[in-house]
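Visitor: For reference, the structure I am asking about is given below.
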Amino acid sequence: MYRFRIIATASVALAVLFMVGASSALAEEDVTPPTFGEDTTTPESTTGGQVTFSVIVTDDVGVHNVSVEFGDYGTYYYNWTEMEGDGDTYTLDLTVPDYVVGSLSYRFHAWDVSGNNNTTEVRGVIIEDDDPPTATIVSTLPPTVDTGGIYEVIVNANDNVGVWSVTLHMEMEGVDDEPLLLPVPLQGGGQAWSATVHMPTERSGRITHHILVADLYGNELDLPEGVSDLMDTIPPDMETLIPITTKVGEEVSIVVTATDNIGVAEVRWKGLPFEPDGIYANGTFDEPGEHKVKVTVVDAAGNEVVDDFIVFVEDDVDPTVVVLQVILVLVLVVVGLFLVRWMLERRASERKGDPELEDAPEDEIL
Ligand SMILES: [Ca+2]
Ligand SMILES: [Ca+2]
Ligand SMILES: [Ca+2]
Ligand SMILES: [Ca+2]
């Protein structure tokens with residue numbers, strides 16, 4: 001019993017001695033954490049680009065392991081990875097995710113063989129977006145567009161970070177003052193971008209167009225150029241033609257008033273007995289009666305407007321002259337009748353032997 005107590009006491013004393021000895025021996029060996037030397041991490045990179053974290057770590061006894069903790073708070077990207085050592089240099093190669101942009105934060109952690117730890121302050125690698133957007137055209141201006149027409153342009157656009165703008169650019173040779181040909185911003189957000197595009201009404205010709213997609217950092221995607229022919233589909237406008245009255249042989253002057261969004265190309269006349277000249281028709285009608293005249297105004301694209309009117313052509317006789325002539329004829333007839341009657345009466349008197357006619361000269365003689 002006594003012997004056992006001695007042994008037990010000795011064992012505890014030995015154990016205590018061993019523990020104290022061991023702990024004092026460890027404390028003497030290493031209480032110093034690892035030290036960080038030069039940080040030669042890639043200072044700046046790009047989305048999807050390469051970054052090499054690299055740092056020199058030393059320790060009085062020995063480095064056990066070194067890790068790099070890195071991430072981007074904005075996108076919840078986070079990682080903690082052990083680095084590979086080569087002598088005192090510890091490295092880790094990283095392909096930056098294409099959505100990480102701005103600053104990639106990092107710090108190093110090191111442990112020595114004794115379990116002492118050291119950590120650097122947080123540092124940053126500048127990451128620039130160098131990836132242009134990608135896009136597909138869902139609908140754009142067709143090969144032929146109408147003056148005053150309205151068209152829907154739709155684009156699906158994507159970017160590793162964010163699409164900033166989608167714009168339709170249009171060009172027509174020799175035209176730089178047409179408001180409807182200014183760049184048209186598509187409205188969107190997310191993937192789908194669209195715009196309603198109005199065509200000019202006072203132009204026609206070939207429009208070349210392309211869609212430019214820009215991301216938040218100025219990278220651009222220029223989609224392939226398209227060509228659309230702007231066709232004039234608006235017919236000319238003609239003032240209503242009113243009937244006119246004239247006389248045979250009298251000169252008439254007819255003017256057609258017509259306008260067109262682009263320009264009147266031709267005026268065609270039908271029913272005139274003389275040659276017109278564009279919008280003017282000056283000449284004479286030789287046939288009395290009603291003449292139907294048809295006028296067609298045509299623009300360069302072949303759009304036309306048609307109208308007609310009546311020309312009343314009177315015979316070239318003054319009504320008063322006609323009346324006077326009738327009166328003259330009547331007077332002549334009346335005078336003629338009187339003459340005939342007088343002659344008949346005179347002849348009748350001669351045959352009877354008019355006492356007045358026979359006696360008078362005798363009376364005079366007598
Ligand atoms: Ca140490
Ligand atoms: Ca890239
Ligand atoms: Ca981008
Ligand atoms: Ca027209």
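Visitor: Give, to the nearest whole percent, the P(r) tail of the stretch 215-365 beyond 18 angstrom, counting all Cα pairs. Could the numbers behind the result be given before it?
Guide: Numbers: 8513 of 11325 pairs.
I get 75 percent for the Cα pairs in the stretch 215-365 exceeding 18 Å.
Visitor: So, by mean Cβ neighbours within 10 angstrom, what's the order for 272-282, 122-132, 332-342 with the highest one leading?
Guide: Values: 272-282: 13.9, 122-132: 17.2, 332-342: 10.0.
Result, highest mean first: 122-132, 272-282, 332-342.
Visitor: Using only the Cα atoms of the chain, build the gyration tensor, take square roots of its eigenvalues as a ≥ b ≥ c, and label the shape rounded, prolate or oblate: rounded if a/c is under 1.5, else prolate if a/b is larger than b/c, else oblate.
Guide: prolate
Visitor: For LYS292, go through the lysines and keep the ones whose alpha-carbon is under 25 Å away, minus same-chain ones fewer than eight residues off.
Guide: LYS247, LYS270
Visitor: Taking a spot 7 Å from the Cα of SER253 along the direction of its beta carbon, which residues of the stretch 281-301 have an amide N less than 14 Å from it?
Guide: Label zone hits: 281-284.
Visitor: Over the stretch 134-231, one equal point on each Cα, no solvent: what is log10 I(q)/I(0) by the Debye formula at q = 0.16, 0.18 Å⁻¹?
Guide: -0.63, -0.77
Visitor: Further question: What whole number of Å gives the distance from the Cα centroid of the stretch 278-328 to the Cα centroid of the stretch 179-241?
Guide: About 49 Å separates the Cα centre of the stretch 179-241 from the one of the stretch 278-328.
Visitor: Moving on. Report, to the nearest 10°, how far helix 355-365 tilts away from the longest principal axis of the Cα atoms in the chain, using its own Cα long axis and a range of 0 to 90°.
Guide: Relative to the chain, helix 355-365 is tipped by roughly 60 degrees.
Visitor: Identify which of VAL322, VAL145, VAL305 has the largest mean-square fluctuation in a Gaussian network model of the chain, with springs joining Cα atoms closer than 10 Å.
Guide: Greatest mean-square fluctuation among the candidates belongs to VAL322.
Visitor: Also: What angle, in degrees between 0 and 90 and rounded to the nearest 10, separates the Cα long axis of helix 319-352 from the longest principal axis of the Cα atoms of the chain?
Guide: 10
Visitor: Mean residue ellipticity at 222 nm from the helices of the chain, using -39,500 (n - 2.57) per DSSP H segment of n ≥ 4 over the full residue count, to the nearest 500 deg cm²/dmol?
Guide: Numbers: 3 runs with 73 residues, N = 366.
Mean residue ellipticity, 222 nm, calculated: -7000 deg cm²/dmol.
Bear in mind that the values in this text are calculations on the coordinates, not laboratory data. Because the structure is predicted, anything quoted here is derived from the model rather than measured. All Cβ positions, glycine included, derive from the backbone under ideal geometry; neighbour counts span all protein chains shown.
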